[in-house]
Structures are given as C-alpha cells and as structure tokens.
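The structure under discussion appears below in the form of structure tokens.
The values are calculated or read from the model by the stated rules, or taken from the named source; none is laboratory data. Note that the coordinates shown come from a computational prediction; the quantities given were computed from them, not determined experimentally. Every residue, glycine among them, receives a Cβ derived from its backbone with ideal geometry; neighbour counts consider all protein chains shown.
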Amino acid sequence: MNNEQAVKTMTSIVAKFTDYAGKHLPDDIMGKLQELRNAEDSPLAKVVYDSMFDNLAKAAELNRPCCQDTGVIQYYIKAGSEFPLLADVRTILTDAAYAATQTAPLRHNAVEIFEEKNTGTNTGERIPWIDWQIVPNSKSIEVEVYMAGGGCSLPGQGKTLMPAAGYEGIVEFVFDVMTSYGVNACPPLLVGIGIGGSIDVAANLSKRALFRPIGSRQHNPKGAEMELLLEKGLNEIGLGPQGISGKNSVMGVHIETAARHPSTISVAISIGCWAHRRGTIRINDDMSYEITSHKGATL
Amino acid sequence: MNKTLTTPIKNEDIEQLRAGDIVYLDGYLITCRDMPHRRLVELGRKLPVDLQGLAIFHAGPIVAKDGEGWKMISIGPTTSMRMEKHEKEFIEQTGVKLIIGKGGMGPNTEEGCKTHKALHAVFPGGCAVLAASEVEEIERVEWLELGMPEAMWVCRVKQFGPLIISIDTEGNNLFETNKVKFNAKKAQLVAEINSQVRFIK
C-alpha cells in the first residue's frame with residue numbers, strides 16, 4: 001500500500017467509525033447504565049431508563065444517531081512516533097468528520113466564531129478538534145472519537161483556587177456545578193475532573209478523564225479514594241435519570257492530574273451525558289485496526 | 001393502558017393531573033423553540049399555526065426529504081429553560097395546553113400554567129430515535145426560512161411519550177421541588193467528604 005492508498009484507507013476507517021460511534025454506546029457505558037437501571041425502584045426512574053434502552057435498540061435497528069445532538073466532533077489521539085501517516089493525520093480526520101456527517105447523518109454543529117455561520121459540514125476553524133499525544137517508538141495510532149451535545153457541554157467550567165481552599169475547595173466546586181447545571185445535562189452523568197496549576201491544564205485533563213473506561217481508578221491511591229468519595233456523595237444527592245430524582249446521579253467520577261504551582265490549584269470539570277458517545281480504535285501502520293471500545297463492532 | 005391526552009386538549013382533561021404523573025399524547029405536536037417564541041412575544045408576529053388546545057415540543061429535529069413530504073429521522077427535546085422568558089405570554093396568546101421539553105422551567109411558566117390551565121412535561125433527553133418513531137407523519141412545515149431546528153414542524157403523533165409532567169395546572173413544579181431536596185443534602189455530604197481530603201498538611 002503506498003502513502004496515497006493508506007491515507008484513503010485510514011480516512012474511510014475513521015469515517016465509518018465516527019458514524020458508528022454516534023449510533024452505539026461503548027460496552028463499559030452500556031454495562032454501567034444497566035447496573036444503574038437495575039438499582040431504581042420508582043416508577044418514574046424506571047420509565048425513563050426503559051425509554052433510554054428502547055431508544056438505543058431503535059437507533060441500532062434503524063441505523064440512526066441515538067441522540068439528535070451529535071456534538072462538535074473531537075478526536076483525541078495517541079500517535080506512535082513511527083506511525084507512517086503522521087503528516088496526514090489532520091487531513092484524514094477532517095475528511096473523516098465530513099464524510100460521517102453525510103453518511104450518518106450527523107447534525108450540523110460547527111458555527112464559526114464572529115461570522116456566526118454554521119458551516120454545515122461539521123468542519124471549521126480547528127474543527128474537528130484534535131488533541132495530540134505522542135507515543136515513542138510505536139508504529140500505530142489510537143484514536144478516541146468523541147461527540148458531546150450542547151446539553152452536557154454547558155456545565156463545563158473551571159476555577160483557579162488559592163492553596164488555602166485546599167482539595168476541599170475542589171469538592172465544593174464539583175458539588176455546586178452538579179446541583180445547578182447537572183440536572184439539565186441528561187444524568188446519569190460521567191464527571192471528568194482535571195487538577196493542575198493553571199486553568200488550561202485542568203480543562204484539558206478534565207476532558208481526558210472522560211475517556212478513561214468506567215471502573216478504572218486514579219493511579220494515586222489518594223486520588224482513587226477521592227474519586228470514590230465523590231461518586232458516593234454525588235449519588236447520595238440522587239439526581240436520578242434526567243434529574244427527576246432517583247438512587248444515583250453519576251456513572252462515575254474520574255480525576256486526572258498534573259503537578260501544580262505551589263501558589264495555585266486549578267480545577268476544571270467536563271461532563272458526559274448518559275449517551276456518552278466515545279469510541280476507541282487502534283490503527284496499525286499496515287492499516288489493520290482493532291476497535292477496543294465496542295466489542296464485536298464491524299465497520 | 002397508558003393515560004393519554006388527545007388534541008384538542010380541554011381544561012378538564014388536564015386539571016386533575018399532577019406534577020410527577022406520566023401521560024402520552026395522541027394528535028398534533030408542533031415543534032417550537034427559541035425563534036417562534038421570540039417572533040410571537042417580542043416581535044408581535046402572528047404564528048402560522050393555530051395552537052389552541054394543541055401541544056408544542058421544544059425540539060430541533062433532523063428531518064429528511066421524503067418524496068414531496070418530509071420524514072422524521074431524529075427528534076429529541078432541548079433545554080426548556082431557554083424558553084422560560086417568553087413562555088407565560090406564549091401560553092396566554094396561543095392557548096397551547098401542553099408544552100414538552102427537557103429539564104424544568106421557572107416561575108414565569110408556573111404562573112402561565114396556573115392562570116391559563118396548561119402543562120409542562122418532559123420527554124426523556126437523548127431518546128431522539130424513540131421520539132421519531134412515535135411521529136406518524138409530518139403534515140407540514142412553517143417558517144422553514146428559520147432553518148431546520150427552528151422551523152415549526154406540524155407533526156401528527158401516536159402514543160407520544162413517556163411524558164413526565166413537571167409543572168401542573170396548579171403551578172406545582174417537580175424540578176424545583178427536587179432542587180430543594182438536592183441542595184438540602186449538599187452541605188452535609190460536602191462536609192463529610194472534606195474531612196477526608198485534607199491532603200495539604
């Protein structure tokens with residue numbers, strides 16, 4: 001396969017996977033939703049979960065995006081330093097987002113700043129958004145496809161605290177956001193928290209936290225403990241599915257961290273709705289691929 | 001048998017219903033979000049659809065051309081709170097009886113529902129294919145120049161739901177009641193967690 005053929009092949013793979021990820025939730029989210037559904041006993045919460053699962057089955061059967069708001073497409077990539085198509089990645093991902101917009105079809109969600117015009121293609125200035133990490137000596141590339149609707153993007157915010165506020169300030173911030181904005185963001189929610197020394201670092205990490213599989217824990221034991229405390233506490237608030245109240249509020253709480261400045265603690269929060277459309281695919285240098293988020297998926 | 005409301009909806013059909021009840025809709029449902037509210041209430045324009053006794057849906061659908069007509073692909077509720085500013089006057093001027101959306105609405109809508117006998121109800125968010133499957137036919141579209149999400153799509157629906165009543169004709173508000181409950185638990189939960197995260201020593 002020459003370079004031109006490889007670019008074409010990878011564009012087609014990512015386009016089909018983007019289309020697929022808008023219609024099927026990943027395995028870990030499906031498992032967690034089932035677990036939360038089983039825990040509910042009120043008629044209201046049950047009827048909402050029934051609708052959610054009915055909707056997912058219909059989306060798969062009719063081959064349609066499971067939520068009408070298919071978000072602004074984002075690709076979080078871990079690119080091997082020896083992956084042969086590094087120079088072409090932006091073009092490939094942009095063409096893939098455009099193609100998936102036609103085939104799925106995805107809603108047109110890219111509005112140019114200042115011009116205030118919807119491009120109608122889901123491509124635009126810096127969109128699809130691409131976040132790069134380089135993996136030394138690897139020949140493959142891992143792509144996370146992510147689409148979040150406006151409803152669950154709305155609670156996203158950050159704050160830089162003074163050290164005197166401590167980790168206690170982080171807890172208060174998270175609870176304030178969840179009880180004010182969380183209700184309308186389509187719970188049960190996945191809560192991504194980033195902690196670092198400046199707001200940009202915290203914001204980026206809060207989004208990356210949403211890509212960790214459900215059930216995974218912070219690498220630091222204190223961080224893992226804090227995740228569990230927040231999960232338990234937020235669940236006791238009992239937002240329930242769609243905020244109508246119930247036994248739980250969240251699918252999980254994930255914290256990602258970077259060493260901070262001695263004088264600052266920046267915290268940011270990113271929220272994923274129950275329809276957490278995240279897909280993970282690893283593509284090798286020979287264009288063979290493996291989908292790790294959706295077992296048995298075929299493109 | 002599901003409790004079903006059929007358009008045209010009369011006051012006596014809805015007066016006994018309470019926040020938290022579940023109903024389904026048969027009849028006419030018209031999509032109506034930010035722009036038609038603004039045009040009617042702020043700009044004083046006449047709506048191209050008579051909404052007396054009918055239901056509106058805070059939703060921007062994905063529709064596809066189907067021969068001469070249109071086919072509903074995906075239609076999920078959008079955040080109702082965006083329409084809070086206009087909803088009281090909207091109910092008063094149109095005679096709409098059922099407003100469907102996502103999440104709660106505020107005191108303005110409570111007052112409108114109470115004074116003019118109307119309901120606000122939520123359809124489960126993110127369930128857009130389920131909702132589309134309950135649309136029998138798109139009969140026509142008005143104000144299409146506003147774009148696909150903002151146009152008024154006149155839909156005939158069958159057993160459209162589940163619809164959870166969030167504001168009833170007495171002005172009871174499910175989401176506001178819940179919010180008070182959520183906030184009442186918050187302070188103690190935060191205090192308990194905070195005693196265990198004093199990592200800065």
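What the table shows:
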{"quantity": "Condition check for B:Pro162: facing chain A (nearest Cβ under 7 Å) and under 26 Å from A:Cys273 (Cβ atoms)", "calculated": "yes"}
{"quantity": "Criterion: among the hydrophobic types (A, V, I, L, M, F, W, C), over 30 Å from A:Glu82 (Cα atoms) and touching a residue at least 60 places away in the same chain (Cβ under 8 Å) - qualifying residue of A:Ala148, A:Ala97", "calculated": "A:Ala148"}
{"quantity": "From B:Gly95, B:Gly171, B:Gly101, B:Gly126, residue being modelled with pLDDT of 95 or more, in contact with a Phe, Trp or Tyr (Cβ under 8 Å, 6 or more places away or on another chain) and of a type in the set (Gly, Ala, Ser)", "calculated": "B:Gly101"}
{"quantity": "Residues of segment B:175-191 satisfying the condition of being at the interface with chain A (Cβ under 7 Å from one of its Cβ atoms) and either aromatic (Phe, Trp, Tyr) or under 21 Å from A:Leu228 (Cα atoms) (or both)", "calculated": "B:Phe175, B:Phe182, B:Asn183, B:Lys185, B:Lys186, B:Leu189, B:Val190"}
{"quantity": "Identity of the residue in segment B:83-102, assigned to a strand (DSSP E or B) and in contact with a helix residue (DSSP H, G or I) (Cβ under 8 Å, 6 or more places away or on another chain), that ends up nearest to A:Pro187 (Cα to Cα)", "calculated": "B:Lys102"}
{"quantity": "Cross-chain or 6+ apart pairs with Cβ under 7 Å, segment A:110-138 first and over 24 Å from A:Ala209 (Cβ atoms) and of a type in the set (Asp, Glu), then outside any loop (DSSP other than H, G, I, E, B) and at pLDDT 95 or above", "calculated": "A:Glu112/A:Gly124"}
{"quantity": "Number of positions in segment A:102-146 that are more than 30 Å from A:Asn284 (Cα to Cα) and touching a His at 6+ places or on another chain (Cβ under 9 Å)", "calculated": "3"}
{"quantity": "Residue match in segment A:224-235 (condition: closer than 30 Å to B:Asn173 by Cβ, acidic (Asp, Glu) and within 11 Å of chain B (Cβ to nearest Cβ))", "calculated": "yes"}
{"quantity": "Tally, over segment B:129-160, of residues that are at pLDDT below 95 and farther than 21 Å from A:Thr70 by Cα", "calculated": "2"}
{"quantity": "Residues (under 21 Å from the mean Cα position of the chain (by Cα) and among the hydroxyl-bearing types (Ser, Thr, Tyr)) located in segment A:73-120", "calculated": "A:Tyr75, A:Tyr76, A:Thr94, A:Tyr98, A:Thr101"}
{"quantity": "Options A:Asn122, A:Asn137; residue that is buried (at least 16 other Cβ atoms within 10 Å of the Cβ) and not aliphatic (A, V, I, L, M)", "calculated": "A:Asn122"}
{"quantity": "Among (1) among the hydroxyl-bearing types (Ser, Thr, Tyr); (2) away from chain B (no Cβ under 14 Å); (3) assigned to a helix (DSSP H, G or I) - the single one A:Tyr49 does not satisfy", "calculated": "(2)"}
{"quantity": "Qualifying positions in segment A:84-109 - surrounded by fewer than 22 Cβ atoms within 10 Å (Cβ to Cβ) and away from every other protein chain (no Cβ under 14 Å)", "calculated": "A:Pro84, A:Leu85, A:Leu86, A:Ala87, A:Asp88, A:Val89, A:Arg90, A:Thr91, A:Thr94, A:Asp95, A:Tyr98, A:Ala99"}
{"quantity": "Strands (runs of 3 or more DSSP E) within segment A:216-299 that include 1 or more residues more than 20 Å from the chain's Cα centre (by Cα) and farther than 23 Å from A:Leu25 by Cα", "calculated": "A:265-272"}
{"quantity": "Scan of segment A:52-63 for residues that are at the interface with chain B (Cβ under 8 Å from one of its Cβ atoms) and either under 23 Å from B:Phe175 (Cα atoms) or surrounded by fewer than 21 Cβ atoms within 10 Å (Cβ to Cβ) (or both), ordered by number", "calculated": "A:Met52, A:Asp54, A:Lys58, A:Leu62"}
{"quantity": "From A:Gly150, A:Gly169, A:Gly238, residue being within 13 Å of chain B (Cβ to nearest Cβ), within 19 Å of A:Glu35 (Cα to Cα) and surrounded by fewer than 21 Cβ atoms within 10 Å (Cβ to Cβ)", "calculated": "A:Gly238"}
{"quantity": "Selected residue [over 30 Å from A:Lys58 (Cα atoms), part of a helix (DSSP H, G or I) and either in contact with a helix residue (DSSP H, G or I) (Cβ under 6 Å, 6 or more places away or on another chain) or among the acidic types (Asp, Glu) (or both)] from B:Val129, B:Val180, B:Val190, B:Val197", "calculated": "B:Val190"}
{"quantity": "When residues of segment A:53-96 are limited to those that are assigned to a helix (DSSP H, G or I), in contact with a strand residue (DSSP E or B) (Cβ under 8 Å, 6 or more places away or on another chain) and among the aliphatic types (A, V, I, L, M), the one nearest to A:Ala185 (Cα to Cα)", "calculated": "A:Leu93"}
